[in-house]
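Since the structure comes first, as C-alpha cells, the remarks are kept for the end.
The values are calculated or read from the model by the stated rules, or taken from the named source; none is laboratory data. If you're wondering where the values come from, they're calculated on a predicted model, not measured in any experiment. Cβ sites come from the backbone with ideal geometry, for glycine too, and all protein chains shown count toward neighbours. For the accessible areas, the whole protein counts, side chains as well, though only heavy atoms, and no ligand, DNA or RNA atoms are used. Shrake-Rupley method; radii C 1.70, N 1.55, O 1.52, S 1.80 Å.
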Amino acid sequence: MTTQRVPLAGVVGWPIAHSKSPAIHGHWLNRYEIKGYYVPVGIEPKNFETAIKTLPDLGFVGANITIPFKERALDIADNVSERAALIGASNTISFKPDGKITADNTDGIGFLNNLKQTAPDWDATTGDAVVLGAGGAARAVISALLAAGTPQVVVANRTPERAEALRRHFGKRVLVSDLQRASDHLATAATIVNSTSLGMVGQPPLDFDLSSAPSNALVSDIVYNPLQTDLLKQATALGLTVVDGLGMLLHQAAPGFEKWFGKQPSVDDELRKIVLDCHV
Ligand code: NAP
C-alpha cells in the first residue's frame, strides 16, 4: 500500500525560532535524498499536551523537544526509555502508527559520541570527572560519564541543593563540591565539563582555573555560542585536550533522525559548517 504522506518531524519548543535543529535535519534529508520535512513547531506552554497529541494525525513521525517542555514530554509519553527516565527529561519523542508516544533522551549519548569522535584516545575510566552545573544538561552529561565508566563524578553548582539532588539521584559515584572549590578536585580528573550556561553569549563569564588539571585531561564545554569559550581557550593554552559543544548538538540529533527517517546520518565537517553558518 502506498502512503499518502511524506514523513514529518520537527522541534517543539517555545520560543523556537532560534533552533538550529531544522538546519541539521534539513541537511541530512537533502544529503540522503529522503522525502520528508523537519520543521520548527512553536507551541504555547498552555497548549503543549493537546497540540502534541494532534501531531501524528498531521503526519508527524516524531519530534525533538526543547525548552520548556523536556520534563513535560515524559508525562505525556506512553513509553519512556531507560536513559530518559534516568535523566528525568526527554529531548526526542517518536509516534507509533496508533499515536502512542515513546520518549527518549539522546543528550547523554550525544555528549559521549562527540567526545569519542573528537578525542578518540579519551578514556573515561582513567580518572574522575569534574562537572560544573546541575541543570538538565548536567544530568545528561553525568549519566553518560557514569555509563562510560568514570570512577567518580564531582558535581559543583551555584545552588548546592541541585547538586545534592543529583548525588541522591545517581548514587555513591557522584560527589558534591562547592562551586568555588571545584578546582581542588582537578588533580585526579580525566574529564572536566562545563554544563552551566556561564560563558555563553549574554551570560556572565565562567571563572574557573584549570591549572591543576593533569596534562592528559580532556576539557569540554557544552556551551557552543561562542564555539571557543574562555574555558576552552584556557584549556588549549595549557595543552589539554579540548572538545567544543557544537558536536554534542549534532550528535544528539542523530538517533532521532535514524528512527524517523530510517537512515543513520553522519556527523562531519560539512554538517558543522552548515550549522555554524546558520544564523537563526
Ligand atoms: P538549566 O537546567 O537551566 O541549568 C543551568 C545551569 O547553569 C545550572 O547549573 C545553573 O546553576 C547554572 N547557572 C546559570 N546561571 C548561573 C550563574 N550566573 N552563576 C552560576 N551558575 C549559573 O540549563 P541546561 O538545560 O542544563 O543548559 C545549560 C547550558 O547547556 C545552556 O547554555 C545550554 O544552551 C547548553 N546546552 C548545550 C547542549 C549541546 O548540545 N551542546 C545541550 C543542552 C544544553 P543553578 O542551579 O544555581 O541555577
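Structural remarks
- Heavy-atom accessible area per residue - the stretch 176-280, 1.4 Å, Å²: 48 Å²
- Averaged per residue, the stretch 50-129 has 45 square angstrom of accessible surface, using a 1.4 angstrom probe with ligands and nucleic acids left out.
- Per-selection metrics, the stretch 1-131 (Cα): Rg and Dmax in Å: 16.5, 55
- Neighbourhood charge, 14 Å Cβ-Cβ cut-off, centred on Phe261 and excluding it, Lys, Arg +1 and Asp, Glu -1: +3
- Computed from the Cα positions only, the extents of the stretch 84-136 along the three principal axes stand at 46, 25, 15 Å, in decreasing order.
- Counting protein heavy atoms only, the chain has 52 percent of its accessible area on carbon and sulfur, 1.4 angstrom probe.
- ³J(HN,Hα), Karplus 6.51/-1.76/1.60, whole Hz, each residue of the stretch 232-240, x for Gly, Pro: 5, 5, 4, 5, 4, 4, 8, x, 7
- Put simply, the Cα atoms of the chain extend 62, 38, 34 Å along their principal axes, the longest span coming first.
- For the stretch 12-26, 3J(HN,Hα) per residue [Karplus equation, 6.51 cos²θ - 1.76 cosθ + 1.60, θ = phi - 60°, Hz, x = Gly/Pro]: 9, x, 7, x, 9, 4, 7, 5, 8, 4, x, 5, 5, 5, x
- Integer Hz, Karplus 6.51/-1.76/1.60 couplings in order for the stretch 174-186, x for Gly and Pro: 10, 10, 10, 10, 5, 4, 5, 9, 4, 4, 4, 9, 6
- Mean residue ellipticity (222 nm) of the chain, computed from DSSP H runs ≥ 4 via -39,500 (n - 2.57), nearest 500: -10500 deg cm²/dmol
- All other residues whose Cβ lies under 15 angstrom from that of Gly199 are scored, Lys and Arg at +1 and Asp and Glu at -1, for a net of -3.
- With the Kirkwood sum run over all distinct C-alpha pairs, the stretch 24-67 has a hydrodynamic radius of 12.0 Å.
- The count of lysine pairs in the chain with alpha-carbon distances below 13 Å, taking only pairs 8 or more places apart or on different chains, stands at 5.
- Summed side-chain charge close to Ala85 - residues other than Ala85 whose Cβ falls under 14 Å, Lys, Arg +1, Asp, Glu -1: -3
- Using only side-chain charges placed at the Cβ, +1 for Lys and Arg and -1 for Asp and Glu, the dipole size of the stretch 18-121 relative to its Cα centre rounds to 220 debye.
- Rounded tilt (10° steps) of 136-147 against the dominant C-alpha axis of the chain: 70 degrees
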